[in-house]
Structures are given as structure tokens and as C-alpha cells.
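No value in this document is a laboratory result; all are computed from the given coordinates. Bear in mind the structure is a predicted one, so any value in this text is a computation, not a measurement. For neighbour counting, all protein chains shown are included, and Cβ atoms are generated from backbone atoms with ideal geometry for every residue, glycine included.
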Amino acid sequence: MATEQGDVDLVDGDVVHAFARAALLATLLGAVAPIAIPIPFSPAPITLQVLFVFLAGLLLGPLWGTVSILLYLAAGAIGLPVFAGMAGGLGVLVGDSAGYLWSYPLAAGLIGLLVHRGTDLRDPAEVSTPLVVVALVTATVLIYGMGVGYMAWLLELELWEAITVGALPFIPGEVLKIAAAVAIVESGRIDTI
Amino acid sequence: MLTYEPGETVVHDLDPRSKLAVQIGFAATALAHTAPRALLGFSVFTVAVLALARVPLLRTLYAYRFALVILAVGPLVAAATLGPPWIDLEAGLATALASYRVLLILLVSAAYVRTTPVRESRAAIQRTVPGKPGQLLGIGVALIFRFLPVVQSDLRTIRDAMAARLGTERSARERATTIGLLGLSRTFDRADRLSLALRARCFSWNPTLPALAFSQRDLPALGVAVALLLTAFL
């Protein structure tokens with residue numbers, strides 16, 4: 001094993017702080033995976049994971065929010081039981097729900113960009129509620145667009161068939177998660193990085 | 001649940017990077033083909049991999065049960081048509097074949113999960129992804145592994161406390177908000193203590209990496225990976 005012999009290149013304090021939060025939010029995203037309620041005639045069970053994807057964008061911003069979700073995907077890829085139903089493995093990232101999973105980092109980044117308008121974060125509690133809701137709805141559309149599109153291609157389904165299986169059953173759950181995310185952010189009890 | 005288990009199989013001895021390459025090659029070619037003959041070949045390959053890695057089939061299928069539901073429902077939805085003749089067998093069969101290859105991809109990746117400890121995967125990430133992103137990715141994955149049980153136990157505490165306070169009587173939105181808010185504030189408290197601890201231990205961009213080396217055993221595996229990748233273009 002080659003020992004590193006150069007000068008120690010310390011990581012900046014700000015980066016350590018943001019990175020630790022991103023890594024632990026990714027952990028939380030994985031930890032809520034078992035809290036999954038399978039529903040009949042539908043592939044992905046209802047989970048709270050999308051709620052934490054929203055919160056990653058809202059509280060960590062476009063850069064670290066995206067990093068957080070990418071860490072989550074990497075952890076799942078090497079086999080940690082962080083995906084829905086405590087599954088893991090590279091296969092899940094190309095499997096039937098892969099479109100949803102790959103949309104998460106983009107959705108978190110999109111929410112961050114819309115709400116914070118750049119990488120300098122502002123307090124999301126002070127951002128107008130309609131803007132937050134618009135950002136979350138846009139992200140939800142992105143998540144389902146990619147999820148359903150990929151599923152239709154992979155399983156050779158008609159688009160409406162994929163929508164029936166992969167989107168329609170979840171709409172009530174998504175409205176609930178958007179409401180919860182807005183309530184959490186507006187409570188002002190959690191500060192951004 | 002599907003996790004790493006120590007063992008003496010050939011697959012355990014391989015470098016994690018060769019195993020990742022095989023998985024990527026297999027996924028690429030499986031996504032490119034759905035012809036029955038190709039699927040037969042994929043099945044033989046999958047069975048060989050599972051046997052070499054001694055993966056218990058039933059337990060693995062159970063671990064992927066959520067994916068299996070959609071893979072089973074997909075062909076039914078594809079076959080159902082509005083109006084006569086009500087059932088379109090051809091469309092159902094096409095989706096069934098497409099679903100089957102996804103199952104094979106999941107099983108092949110299960111062999112990796114079962115034979116590769118997290119520290120080796122982490123070393124593979126840090127050696128493959130260059131520079132600072134690779135460092136953050138590797139350390140981040142290690143942190144997730146370390147903190148997963150801790151955060152899970154935090155969530156259990158929160159849910160127990162909610163149940164004790166008649167949380168089940170409350171609306172779904174209120175319950176989601178409570179879990180989100182409490183889960184997040186506990187997790188961020190942990191993160192802030194972690195970042196202090198990391199700085200106190202001189203968290204740097206250039207630590208000494210965990211040991212990892214290709215050996216002669218990896219040559220056949222890498223050859224298989226390249227061959228699989230090439231068949232994707234057939």
C-alpha cells in the first residue's frame with residue numbers, strides 16, 4: 001500500500017460542514033426506505049423518500065442537495081440496503097424504478113436553483129410559499145416524467161400503460177409530501193447550511 | 001435482506017473493480033437485447049454467476065420483492081386492452097421478455113452485493129473516480145454505511161414516540177411532517193457534531209487510500225466484462 005507522503009491538504013471548514021450534512025441527509029433518505037407501504041397494481045410503494053429529496057434541494061441548495069442524492073445512489077449501487085424495500089445493488093439503478101432514482105439528483109438540483117436562485121443559499125422560510133410550491137410541483141413532474149418514461153422504454157409498455165402503473169396511484173401521496181415539505185420549511189426550525 | 005457475507009468463493013477473491021465491470025457489461029448487453037435466444041444466453045450466464053458466488057436464490061428474490069411486483073404486473077397491464085379482443089398476447093409477451101432481463105440484471109448485481117464488503121467498494125470508488133469528487137464519494141459512502149443503523153434507530157425512536165402519543169390517529173400529512181421535521185433536525189445535529197469531529201481529525205483531500213490490487217484472477221473477469229460490453233452492440 002502506497003502511503004500518501006505529500007503535505008496534508010485540509011478540507012475547508014465550510015465544505016466539511018456541508019458535506020457532513022449532505023452525507024447524513026443521504027443516510028436519512030436510505031433509512032426511511034423500509035417505511036414503505038406497497039399498494040396494489042403499482043410498482044414503487046409509497047415512501048417518504050421523495051419528501052427528503054425535496055428537503056435536500058430546499059435546505060442544502062442546488063450543489064450540496066445534488067451531491068447528497070448522488071451519495072445516496074452510490075451507496076445503493078454498492079449494495080447498502082437504501083432503496084425501497086431495503087434493496088441495493090447496481091441492478092436497481094438500471095431496473096424498473098431506475099428512472100425515478102436518477103431523477104432525484106436532478107429534482108433536488110432543480111428545487112435548489114428555483115428556490116435559492118444560485119449557490120448562495122437563502123432562508124427558505126422567507127421565500128414566498130407559491131414559489132416553493134411551484135418548485136416542488138416542477139420537481140415532481142420531472143421525477144414522474146423520467147420514472148414513467150424509462151419504465152415504458154425498459155418494459156416495452158405503451159406510455160399510458162406506464163402512467164397507469166407508475167404515476168396515477170401516487171398522485172395523492174405526492175400532494176401530501178409537497179404539503180409536508182412546505183410545512184417543514186415554513187416552521188423555520190431547521191436552518192440551511 | 002441482501003448483504004455482504006464473508007466467504008471463500010472465486011467471486012469473493014476478485015477485485016471489486018472487475019466485478020463492477022462485469023455488472024456494467026452485463027447490464028449494457030441485457031438492456032440492448034430482448035430476443036428469446038439472447039435471454040437464454042443471459043440466463044445461463046446469470047445461473048453461472050449465482051452458482052460461482054453461492055448466492056441463495058430464494059432469499060435474493062425476496063430481497064427484490066418490490067421490483068418483482070412491477071415485473072409481474074407489467075406484462076399483465078401490457079396484455080390488457082380496452083375493447084375486443086381484450087387481451088393482446090403479443091404485447092404482453094414483449095413486456096414479459098423485457099421484464100425477465102431486468103430480473104436477471106438484479107440477480108447478477110446481487111452476486112456483487114453478497115461478495116463485496118463495503119470497504120472494498122469504497123476503495124474501488126476512490127481509485128476509479130479521480131480527484132476530489134472521488135474522495136467525497138468514497139468517504140460519503142463509508143459515512144452512510146456507518147450512520148445507517150444510527151439514523152434508523154433515531155427514526156424508530158421518533159415513530160415509537162409518535163405511536164405513544166396517538167400519532168396513528170393523526171392525518172397522514174401531519175405524520176409525514178412530524179417524521180420529516182424530527183428526523184431532519186436529529187440528523188442535522190449529528191451532521192454538525194460529525195463535521196466538528198472530522199475537522200478535529202484533520203479531514204483532508206489526500207488521505208492514504210485503502211489497499212486494492214488487480215491480480216491474475218481478475219484477467220478472466222475483465223475479459224468477460226469486455227466481451228459482454230461488446231455484445232451490446234451486436
ask   = For segment A:47-90, what is one quarter of the convex hull surface built on the Cα atoms, given in nm²?
value = 2.9
task = Give, as a single signed number, the net charge of other residues whose beta carbon lies under 11 Å from the beta carbon of A:ALA125, with Lys and Arg counted +1 and Asp and Glu -1.
result = -2
ask   = Can you give the charge dipole size of segment B:131-200 about its Cα centre, rounded to the nearest 20 debye, using +1 on the beta carbon of Lys and Arg and -1 on the beta carbon of Asp and Glu?
value = 100
request  = Provide the FRET efficiency to the nearest 0.05 for the B:LEU76-B:GLU5 pair, computing r from the beta carbons and using R0 = 35 Å.
outcome  = 0.50
note = When A:ILE111, A:ILE190 are arranged by how many other beta-carbons sit within 10 Å of their Cβ, fewest first, they go A:ILE190, A:ILE111
ask   = Are there any helices in chain B, counted as whole DSSP H runs, that stretch 27 Å or more along their axis by Cα and score at least 0.5 on average by Kyte-Doolittle, and if so which?
value = B:89-115, B:131-164
inquiry  = With only alpha-carbon atoms in the gyration tensor, what are the semi-axes of the equivalent ellipsoid for chain A, in Å, largest first?
reply    = 29, 23, 14
Estimated Rh, the protein assembly as shown: Kirkwood, alpha-carbon pairs, angstrom = 22.5
request  = Sort A:VAL132, B:VAL73 so that the residue with the fewest other Cβ atoms within 10 Å of its own Cβ comes first and the one with the most comes last.
outcome  = B:VAL73, A:VAL132
note = A correct Stokes-Einstein calculation for segment B:20-99, using the alpha-carbon Kirkwood radius, 20 °C and 1.002 mPa s, returns a whole-number D in µm² s⁻¹ of 148
inquiry  = How much length would be gained if the chain were fully extended between A:THR138 and A:TRP160, taking 0.36 nm per residue of separation minus their Cα-Cα distance, in nm to one decimal?
reply    = 5.9 nm
ask   = Based on the Cα gyration tensor of segment B:131-200, what are the three equivalent ellipsoid semi-axes, each the root of five times an eigenvalue, rounded to whole Å and given largest first?
value = 31, 12, 11
ask   = What's the average, rounded to a whole number, of partner chain beta-carbon atoms within 10 Å of each residue's beta-carbon in B:170-181?
value = 6
task = Please report, in debye to the nearest 20, how large the charge dipole of segment A:15-186 is about its Cα centre when each Lys and Arg carries +1 at its beta carbon and each Asp and Glu carries -1 there.
result = 340
note = Expected integer from the mean partner chain Cβ neighbour count at 10 Å over B:150-161 is 3
ask   = If you bin the C-alpha pair distances of chain B every 10 Å from 0, what whole percents do you get?
value = 7, 21, 25, 23, 18, 5, 1, 0
task = Please list B:218-231, B:157-170, A:78-91 highest first by mean number of surrounding beta-carbon atoms within 10 Å per residue.
result = A:78-91, B:218-231, B:157-170
Furthest towards positive pole of dipole, A:LEU114, B:TRP205, A:GLY57, structure part the protein assembly as shown, Cβ charges = B:TRP205
ask   = Which is farthest toward the positive dipole end of chain B among B:THR9, B:GLY140, B:LEU93, measuring Cα position about the Cα centre, with Cβ charges +1 (Lys, Arg) and -1 (Asp, Glu)?
value = B:GLY140
inquiry  = For the pair A:ARG117/A:ASP7, report the inter-label distance in nm, with labels modelled 7 Å from Cα in the Cβ direction.
reply    = 4.0
query = When you look at the Cβ of every residue in A:176-189, what mean number of other chain Cβ atoms sits within 10 Å?
reply = 4
ask   = Mind checking the dipole of the protein assembly as shown: about its Cα centre, +1 per Lys or Arg Cβ, -1 per Asp or Glu Cβ, Debye to the nearest 20?
value = 720
request  = Subtract the Cα-Cα distance of B:ARG165 and B:LEU234 from 0.36 nm times their separation in residues, and report this length gain in nm to one decimal.
outcome  = 18.7 nm
ask   = Most exposed first by the Cβ proxy, i.e. fewest other Cβ within 10 Å, how do A:TRP64, A:TRP153 rank?
value = A:TRP153, A:TRP64
